[in-house]
Every structure is written in C-alpha cells, then in structure tokens.
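The values are calculated or read from the model by the stated rules, or taken from the named source; none is laboratory data. All of these numbers come straight from a predicted model, not from anything done at the bench. Every residue, glycine among them, receives a Cβ derived from its backbone with ideal geometry; neighbour counts consider all protein chains shown.
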Number of protein chains: 2
Amino acid sequence: MAKQLTPRGEQRRNELLAFATKRFAANGYHPTSVAELVDGLGVGKGVFYWYFDSKEELFVEILREAERALRRAQWEAMDDDPDPIRRLETGIRASMHWWNEHRDLYRLIEFARTEASFASGVRKGEKVALDDTRKLVQAAMDAGQIPDGNAVVTAQAILGVSSVLARTQLLGRKRPPDEVADEVIDFCRYGLNGTRPEARRSA
Amino acid sequence: MAKQLTPRGEQRRNELLAFATKRFAANGYHPTSVAELVDGLGVGKGVFYWYFDSKEELFVEILREAERALRRAQWEAMDDDPDPIRRLETGIRASMHWWNEHRDLYRLIEFARTEASFASGVRKGEKVALDDTRKLVQAAMDAGQIPDGNAVVTAQAILGVSSVLARTQLLGRKRPPDEVADEVIDFCRYGLNGTRPEARRSA
DNA sequence: ACTCCGCTTGACCAGGTGGTCAAGTACGAT
DNA sequence: ATCGTACTTGACCACCTGGTCAAGCGGAGT
C-alpha cells in the first residue's frame, strides 16, 4: 500500500487497525468479515479498501506493528545496562508489561503461526526475538555468569517459559505483570532444583 | 453424533479423520472446505455428513482423540515408576516421541486455542495435562526432592519449555525426540544457573 | 466562488461456503 | 432370491465472502 495520508486519513486507518485487532482477537481472523469491520465502524466498505489492499494485508500490518512495538518496549527498558543477565530479566519484565497492555495481540500472533500464509512472517519476527535473547545468553556464558551450553536452545526455553506464563498467569488468571515476570525469572535461573537462598519477589 | 458403524463405516470415518487432520494442518481449518476433503478422498459430499454433523464437530473430534491418545502414551510410558521426578522426565520423553509422530496435531491444537469456538475444549484438555504435571511436581516437593514453591506455576513452566522446544527443535529443525527431551529436562532441572556435574545426553 | 483530491458511499459481482436430501447402491442376514 | 439398512451420490440451496467501482462529498488552497 503506502499511500500519502492526511491526518484525517491517518486517524481512520488507525481506527480500522484497532477495531480489527479487537474483532480478530475476539472472534478469529477468518470468522471476522470485512463487512463486520466496516459496519462496526459505521463506514462504507470502500473505506476499508482505500486504506488496505486486502483483509490479509491488514492483518499482516497488525502483526508487523505489534512486533515492532514489543521490541521497542524491550529495548527501551533494557536501555544501556551492560550486565547481560540483568538485561535478560529487564527484557522479560518489559515483555510482561507490554503483553499485559496488548492482550489481543498475543492471540493474534499465536493464530498467525498456525496458518501457512502468515507463519513465515511470524517466524521472521520470532527469529529476531530469539536472536536478541540468544546474544544475551551467549554474553552471559562468555562472561562466566552461567555455565556454557547451547545458547539457542536456552534462549528458546526462556522465551517458552515467558510465553506460557504470559498466557496462563498474566492473560488467563489476571496476575500482575511483575509477579509473573518474577516467576519466569526464577524458573529460568534455577529450574526445579533451584535453591533460592534469599527472599526475592519484587513489589 | 454417535452412530452405529459397521467395520466398513468405521474405516471410512477414520479415513475422513486422517485426511482432514492432514489438510487442516497444512492449510488451516477455515481455508479447508468440506468439498476439498471429500474430493480429496474421491467420495460424495453426503459421506461427510453421514459421519459428522458438521465440519466443526469433525474438528472437535480430532482434538479430543489427539488429547486422549497423547495422555495414554504418557501414562503407558510412566507405567508404575514411583519416583515423581523420574515420572516427570519419562512423561516429557514420551510426549516428545508422540509429537514427533503426530506433527500435524501440534498445529491443530495451537490453532484451536486461538478461536473462541474451540478454545474452551482445548483449555479443558490442557487443564488435565497441567493437573497431571502439577501432581508430580507437588509429590516431588513433598518428598523433598525439590524445594517448595508454587506447583501450578512450576508445572506450567515445564509444559511451556516442553511445548516450545517441541515446536522449534523437534518439529522445526528435525532433531531426534530423545535429544530434545534431554534438553527440556536439563533446563527444567537446573535453569540457566544449572551446573551439570556429569556428562548427560542419552543416545 | 471554485477547484481539486483525499476520502466515502453502497449497490454489485463472481465465486465459494457449509449443509440438505431424494435417490440409489452394496452387502450381510435370512 | 429378497429384504433391510448402512452407506453413497451429486445436484441443489440459501447465504455469505472478499473485493470492485462509478458516483458523490467536504474541506483546504487559491
């Protein structure tokens, strides 16, 4: 697409993006028709196709923006901390807060992974996330903070724990993001055998 | 449904189940039409509606059978081992082998979770899996094998690591199930800080 | 006052969709 | 041989889908 938009146009486009996100998350991508979207906004169908080439493009756009926003949130939180383990923890915490405020997007990304037409895009985004994580794990290994091992697998495991606890504890039961982040960090650091020498748990 | 089926009927039904599983996993549930299924099998449309009330029922049936089969595989593997940690490990290993041989079903369950009409069914199945896991974690805590903690969250974390590494390592890169299971177990036991005193890694 | 163009309208389309059903076929039991 | 019923056929249906487009609107620039 990439069209020149006036401020008014920009706003319409965002309305469409936001409303579609809500409906897709609530009802699923396929069951939500373009008609439902424009009716819900009280506009004609042509509006939709003025801003997007297709329903599919709209969805891809939502995904792309979500990934960009999450990544930015993580990087802003990690800021310039030089300690890899602390960066990792901060990243996890930032992710939890972000998911907490963009619950709909979690489900959309999960769906996108299950359908061939979107899976490749999602995988690209996840590759970036994995690589960010992997680099931190590798740095921590190099610095001797944690024992050597397969950094890729370790990074995936960390993302897996984050993802599952985000889904179940944060989005499912509605626990506070910081609490869930603490649990993710705990499990990732110590695993089952973890001896936790001192009290932790942040505010 | 629940109809009296002759052996021939039973076979047809299984053909439909198997073919639909393959197509749903490859193309997605919604994009796969009933017409495509019956054409692929070279039968008339009435055949489909003889065995299933609707496309949706077919899908739910696939999910239900998948969950039952996986659970049975886990329990058969764990058999009568009294040690909870070892049971946990065996369960993880069995799951990896099962997913490895039923790759299509992984994606189907992931999709089912993203759509309101199927999500409740999936959650029920996952609740069972979580409870099985939680009981083992609790038993290990009670026996003093691992430190006390929130057994539910821990169980979820274990399932999360299993799930992610199954998806990425087992199904994505096509690593052997036993290797992936070892990595899951390693991470779950020791986390990042894990010191691994002796060489592990099974054959 | 007029023009221009970003934006909006909604009837319309071709092509599917899930689902039905009257009719027929195959086959085991008698 | 015939009968009953488990199964199969495929034309058919009402409805809905994503997408198009000629026509019109409205507000900023002149």
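Data for the structure
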quantity	calculated
B:D104 being within 14 Å of another protein chain (Cβ to nearest Cβ), more than 16 Å from DNA strand D (Cβ to nearest atom) and either closer than 27 Å to A:P31 by Cα or surrounded by fewer than 20 Cβ atoms within 10 Å (Cβ to Cβ) (or both)	yes
All helices (runs of 4 or more DSSP H) inside the range A:10-85 with 1 or more residues being away from DNA strand C (no atom under 16 Å from the Cβ) and crowded, with 19+ Cβ neighbours inside 10 Å	A:55-78
Residue in the range B:174-191 that is under 15 Å from the mean Cα position of the chain (by Cα), more than 7 Å from every other protein chain (Cβ to nearest Cβ), of a type in the set (D, E, K, R) and farther than 16 Å from A:F187 by Cβ present	no
Subset of the range B:144-164 [modelled with pLDDT of 95 or more and surrounded by fewer than 17 Cβ atoms within 10 Å (Cβ to Cβ)]	none
Unmet criterion (only one of (1) more than 9 Å from chain A (Cβ to nearest Cβ); (2) under 21 Å from A:R189 (Cα atoms); (3) in contact with a helix residue (DSSP H, G or I) (Cβ under 7 Å, 6 or more places away or on another chain)) for B:A143	(2)
Any hit, the range B:89-98, residues being charged (D, E, K, R), modelled with pLDDT of 95 or more and either crowded, with 20+ Cβ neighbours inside 10 Å or more than 18 Å from the chain's Cα centre (by Cα) (or both)	yes
Where a residue in the range A:3-21 is free of Cβ contacts under 8 Å to residues at least 40 places away in the same chain and its partner, wherever it lies, is near DNA strand C (Cβ under 7 Å from one of its atoms) and of a type in the set (G, A, S), with Cβ under 7 Å and at least six apart	none
Tabulated pairs, the range A:111-129, first without any contact (Cβ under 8 Å) to a residue 40 or more places away in the chain and at the interface with chain B (Cβ under 9 Å from one of its Cβ atoms), second of a type in the set (D, E) and part of a helix (DSSP H, G or I), C-beta under 6 angstrom, 6+ apart or interchain	A:T114/B:E110
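Condition check ((1) more than 15 Å from DNA strand D (Cβ to nearest atom); (2) away from chain A (no Cβ under 14 Å); (3) without any contact (Cβ under 8 Å) to a residue 60 or more places away in the chain; (4) within 22 Å of B:R107 (Cβ to Cβ)) across all residues:
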site: B:Y29; (1), (2), (3), (4): no, no, no, yes
site: B:L37; (1), (2), (3), (4): no, yes, yes, yes
site: B:G44; (1), (2), (3), (4): no, yes, yes, no
site: B:V47; (1), (2), (3), (4): no, yes, yes, no
site: B:E57; (1), (2), (3), (4): yes, yes, yes, yes
site: B:L63; (1), (2), (3), (4): yes, no, no, yes
